[in-house]
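What follows draws every value from the coordinates through simple rules; no lab data is involved. Because the structure is a prediction, the values reported are computed rather than measured. FYI the Cβ positions are ideal-geometry reconstructions off the backbone, even for glycines, and counts take in every protein chain you see.
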Amino acid sequence: MLLALAGCPRPQVVRPQEAMVPSASPGPLRDDGDAASLRAAIDESVTWLSSQPPTRRLVFGPREVGVTELRDALVRVRSSLPETLSAEAFEAFVRANFEVYESVGGPEGGVLFTGYFEPVLEASLSPGPDYPAPLYAKPADLIEVPLEPFAERFKPDLAERLKTEKLFGRIEGDRVVPYWSRAEIVGGRLAGKGLELAWAKDPVALFFLQVQGSGILKLPDGSERRVGYAGANGRAYRSIGAKLIAEGAISKEAMSMQALRAWLAAHPVERDALLDFNESYVFFRFLEGASLGFLGRPVTPGRSIATDARLFPPGALAFIRTERPQVGADGKLDWAPLTRFVLNQDTGGAIRGPGRVDVFWGRGPDAELAAGLMKQKGRLFFLVPKAVEPHSP
């Protein structure tokens with residue numbers, strides 16, 4: 001997630017009802033991807049929506065849509081997809097059956113698009129001198145305190161903003177106190193409690209695994225195990241990339257995941273202190289299938305996005321217009337338009353406000369390139385089912 005590296009202006013306070021508005025001029029909604037990946041992503045949203053209470057309502061800015069209504073609309077979308085996607089015909093179908101709403105964007109205008117991916121790191125299921133950095137499972141003493149039951153203690157505007165928030169901590173005597181920080185956990189607070197899932201060879205690679213939220217462990221025998229997000233210590237996320245920019249170590253224009261890795265490799269003495277600056281710490285669990293997003297369903301490369309779960313409806317169909325990096329035949333880096341339908345299926349601790357979107361790119365060199373370099377402005381649209389009888393495709 002690029003925000004984890006470079007940071008961005010503090011997001012403005014926006015209620016879900018204010019996060020998007022009807023769009024009078026969205027421009028062409030022409031999809032540049034393949035039908036199979038869109039179909040797969042829609043299926044995951046449909047499965048999740050089918051598991052929700054039928055009375056649940058999802059907020060699309062000034063409108064609300066029932067989960068059953070949204071599910072049925074996505075089923076119609078899926079049935080309209082041919083094996084080979086016709087961008088023009090599909091756009092016509094979408095415009096006939098959906099209203100187009102647009103995110104109000106960030107305080108500086110527009111939406112900042114970044115990317116995330118599944119890193120692959122060397123690890124072992126048993127400790128050893130070559131594998132010093134443990135991956136921990138979620139501790140049993142980590143408690144979650146949802147704020148919604150206490151909302152009446154806050155002013156009305158704060159109650160609305162905080163009702164989806166949670167506090168994380170541990171019991172100390174008769175008090176709830178913040179959970180251990182990254183520095184305390186790395187320093188051994190959880191050692192010897194049987195929480196170790198595996199041990200990574202490189203602490204920096206483990207740090208980036210925590211930033212991404214899921215990844216692949218490549219074991220000494222050549223086999224692989226996928227791990228995914230199981231929880232976090234609840235400490236505020238602080239960007240180490242933003243810190244280096246503020247200190248003049250790396251310019252804002254040059255900041256990327258690749259640049260940050262290079263700085264950490266060149267400054268081993270300062271490395272641990274910089275990593276500990278971000279007090280947030282992520283816990284993992286083994287996954288038997290694909291990487292899972294916020295909905296507990298597999299995310300689809302190039303089709304799943306992460307947004308602020310407090311503001312935008314989970315599982316919804318969206319359309320993005322931005323750019324992505326690519327390497328040309330001459331080996332030079334270039335930027336290509338990125339215009340496609342996506343599904344809102346994930347979130348992240350660093351993804352805050354209506355002006356942030358993270359695109360999931362999967363695994364491999366191309367995915368790492370996109371995740372590491374994307375920090376492009378663009379536009380985010382949500383497709384809201386029309387409150388009328390749908391047209392035929």
Taking every alpha carbon pair in the chain, what does the distance histogram look like in 10 angstrom bins from 0, in percent?
5, 22, 32, 26, 13, 3, 0
Report the longest stretch of the chain that contains none of the GluC sites (Glu not before Pro) sitting in a DSSP loop with at most 14 other Cβ atoms within 10 Å.
289-393
What number results when the radius of gyration of region 192-349, computed over Cα atoms, is divided by 2.2 N^0.38 Å?
1.17
If you average the alpha carbon positions of region 273-341 and of region 225-255, how far apart do those two centres end up, in angstrom?
15
Would you work out the charge dipole size for the chain about its Cα centre, treating the Cβ of every Lys and Arg as +1 and the Cβ of every Asp and Glu as -1, and quote it to the nearest 20 debye?
620
Kirkwood-based Rg/Rh on the Cα set of region 67-144 evaluates to 1.21
Under the Debye formula (equal points on every Cα, no solvent term), log10 I(q)/I(0) of region 4-127 at q = 0.15, 0.20 Å⁻¹
-0.99, -1.33
Net charge within 10 Å of Asp346 by Cβ-Cβ distance, Lys/Arg positive one each and Asp/Glu negative one each, not counting Asp346 itself?
0
Hey, rough spin-label estimate for Glu323 and Arg95, points 7 angstrom out along Cα→Cβ, what's it come to in nanometres?
2.7
For region 323-393, restrict the atom set to alpha-carbon positions and state the Rg and Dmax in Å.
15.9, 51
I'm checking a number: the convex hull volume of the Cα atoms of region 273-333, normalised per residue, in Å³. What is it?
217
Ile216 neighbourhood, Cβ < 15 Å, K/R = +1, D/E = -1, net charge -1
Each label point is 7 Å from the Cα along the Cα-to-Cβ direction; what then is the distance between the points at Glu184 and Ala336, in nm?
4.8
Give the lysines reachable from Lys375 as a straight Cα distance under 24 Å; neighbours fewer than 8 places away on the same chain don't count.
Lys243, Lys252, Lys332
Net charge, Leu190 excluded, C-beta distance under 12 Å - Lys, Arg +1, Asp, Glu -1
+2
Once both labels are modelled 7 Å past Cα along the beta-carbon direction, what's the Glu18-Asp366 spacing in nm?
4.1
